[in-house]
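> I have a structure here, written as structure tokens, and I will follow up with some questions on it.
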Amino acid sequence: MTWRPQYRSSKFRHVFGKAATKENCYDGVPITRSVHDNHFCAVNPRFIAVITECAGGGAFLVLSVHHTGKVDPLHPKVSGHRGNVLDIKWNPFNDFCIASCSEDSTVKVWDIPPHGVLKNLTVPWKELQGHSRRVGLIEWHPTANNVLFSTGYDYQVMIWNLDSPEAVIKNPVRTISHHTDVVLSMSFNTDGSRLATSCKDKKIRVLEPRTGNLLQEANCKNHKASKVLFLGNLKMLLSTGSSRWNHRQMALWDQEDLDVPLLQEDLDGSSGVLFPFYDPDTHMLYIAGKGDGNIRYYEISSEKPYMHFLTEYRSHTPQKGMGIMPKRGLDVSSCEVFRFYKLVTIKALIEPLSMIVPRRSESYQDDIYPMTAASAAAMSSCTHQHSFSMCVPCVCVCVLGVQLRLKFHKQQEEIRRLREMLNQRDVRIKQLELEINNVRNSQDSH
């Protein structure tokens, strides 16, 4: 019996990274020198925001995504914090709303003008005062509108309802107090019914945001997690961190059973934190190391061996942080399935990096763009019994938006097909006209 290698077919096997040209980068950006292990960058289809280095308080820069090239050193900033800004996140349902948290122990939510920041912005839309120490992380709820989560060096996770009428909110909807040290990362599952956290006490926790109850807790002695990520609807968690021998390591977990990881894999002996990014539409996982120039990517499946290495993007420019463009902001005509914005501190540069599926056809490829999350909330915040109530009209809008987008792309495809048909018929008509002229000329000569 002859041995045959097992080949696994995948439409993403040949995905490659394409860095933007210099004129399509953002040059001269004074990127923060903070040693915090955050992304420092947030992107949506309209704006890119990046935390900057500045004296006397904290600030971040908001640029139009089309404002590439050299950035004016005097470009206005969002500068209302009294301490360094540690994290920024765009509201997933409002491209003109961004939240920031700072060493001054506050969280601030900002309204960005439609044409961008044309003068220094110092007055926020909302100020959230509840933490007793600096606030290191913020996350928007993925399906409920105007619900924000924050966590700081007081070890508390606080839930805020921004629909509250006050400009300064001092009382969170709920405070979750299960952590015994600093929370290093937070991640929601797709519908926001579960929140996973990694903590400096070396434990991974899965919580129920509505009640604040602790559902699962992992205390793996062989894996010290720094970042944790829900893998869409696969009911799995991925954590990145270090092994007992200080090798950088990934671990895969069943969200219902955190006693033993499903999979552990050592990567290398470098020291930079590994940032994981997951695309639930393509089931692709990207691993980018802080201080590295490379990005590894994998395909995730729900069955063993779970994780399939695809390839690695290599670059000589190390990244300090990363922003990612939401799926609705990608270029479908070039078969782009993911886009990073690399912060290259040594060059004061933000470099867009597109992950592309190579296809010969220029038509819309619906097999690599399945139905995806729309920019409309499926829930509204509700203070009654401190829970979130389902808003049926919002769900309808969400589904309708996706259906309209699919119809639009199908119509575009039909228009392209008809144009090609017309071109072919035009060519055929010209050929026939030439043949008729030739026949007439030959008859005239006789």
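> In the list Ser354, Ser361, Ser315, which residue meets the criterion of being over 20 Å from Ser187 (Cα atoms) and modelled with pLDDT of 95 or more?
Criteria check complete, one pass: Ser354.
> Ok, one more. Specify the residue that is modelled with the highest pLDDT; the eligible residues are those in segment 1-24 that are exposed (fewer than 10 other Cβ atoms within 10 Å of the Cβ) and not hydroxyl-bearing (Ser, Thr, Tyr).
Top of the filtered list is Glu23.
Residues checked against (1) at pLDDT 95 or above; (2) within 23 Å of Val344 (Cα to Cα); (3) over 19 Å from the mean Cα position of the chain (by Cα):
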site	(1), (2), (3)
Lys200	no, no, yes
Leu207	yes, no, yes
Lys221	no, no, yes
Ser226	no, yes, no
Ser239	yes, no, no
Ser242	no, no, yes
Gln255	no, no, yes
Leu267	no, yes, yes
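> What residue, of Ser102, Ser64, is farther than 30 Å from Glu312 by Cβ, at pLDDT 95 or above and surrounded by fewer than 17 Cβ atoms within 10 Å (Cβ to Cβ)?
Going through Ser102, Ser64 in turn, just one is farther than 30 Å from Glu312 by Cβ, at pLDDT 95 or above and surrounded by fewer than 17 Cβ atoms within 10 Å (Cβ to Cβ): Ser64.
> Let me ask something else. What are the residue pairs meeting all of these: first residue in segment 273-288, first residue open to solvent by 10 Å² or more (accessible area, probe 1.4 Å), second residue polar (S, T, N, Q), Cβ atoms under 6 Å, and 6 or more apart or on different chains?
So the pair list comes out as Val273/Ser226; Pro276/Thr240; Asp281/Thr372.
> In segment 282-382, which strands (runs of 3 or more DSSP E) lie fully inside it and hold 1 or more residues that are over 22 Å from Ala42 (Cα atoms)?
295-300, 307-313, 379-382
> Same structure again: If the Cβ limit is 8 Å and pairs must be 6+ apart or interchain, which residue in segment 196-221 that is within 18 Å of Pro261 (Cβ to Cβ) pairs with which residue that is of a type in the set (Phe, Trp, Tyr) and surrounded by fewer than 21 Cβ atoms within 10 Å (Cβ to Cβ)?
That search, which allows pairs on different chains as well, returns Ala196/Phe188.
> Counting only residues that are modelled with pLDDT under 70 and more than 28 Å from Tyr369 (Cα to Cα), how many does segment 385-444 have?
5
> Let me ask something else. Could you identify the single residue in Asp27, Asp72, Asp37, Asp111 that is open to solvent by 50 Å² or more (accessible area, probe 1.4 Å) and more than 30 Å from Gly130 (Cα to Cα)?
Asp72
One line per residue, one yes/no per condition, for (1) of a type outside the set (D, E, K, R); (2) crowded, with 21+ Cβ neighbours inside 10 Å; (3) in contact with a His (Cβ under 6 Å, 6 or more places away or on another chain); (4) modelled with pLDDT of 95 or more:
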position: Asn94; (1), (2), (3), (4): yes, no, no, yes
position: Ile98; (1), (2), (3), (4): yes, yes, no, yes
position: Gly116; (1), (2), (3), (4): yes, no, no, no
position: His131; (1), (2), (3), (4): yes, yes, no, yes
position: His141; (1), (2), (3), (4): yes, yes, no, yes
position: Tyr155; (1), (2), (3), (4): yes, no, yes, yes
position: Met158; (1), (2), (3), (4): yes, yes, no, yes
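> Could I ask something else about it? Just to check your reading of the model, which residue among Thr240, Thr311 is of a type in the set (Val, Ile, Thr) and either free of Cβ contacts under 8 Å to residues at least 12 places away in the same chain or closer than 27 Å to Ala20 by Cα (or both)?
Thr311
> Something else now. Restricting attention to segment 160-216, and to residues there that are over 16 Å from Trp140 (Cβ atoms) and of a type in the set (Asp, Glu), which single residue is surrounded by the fewest Cβ atoms within 10 Å (Cβ to Cβ)?
Glu166
The values are calculated or read from the model by the stated rules, or taken from the named source; none is laboratory data. It should be emphasised that the depicted structure is a prediction, and the values quoted were computed from it without experimental measurement. Heads up, the Cβs are rebuilt from the backbone with ideal geometry, glycines too, and the neighbour counts pull from every protein chain shown. Quick note on the areas: whole protein, heavy atoms, side chains included, nothing else; ligands and nucleic acids left out. Shrake-Rupley method; radii C 1.70, N 1.55, O 1.52, S 1.80 Å.
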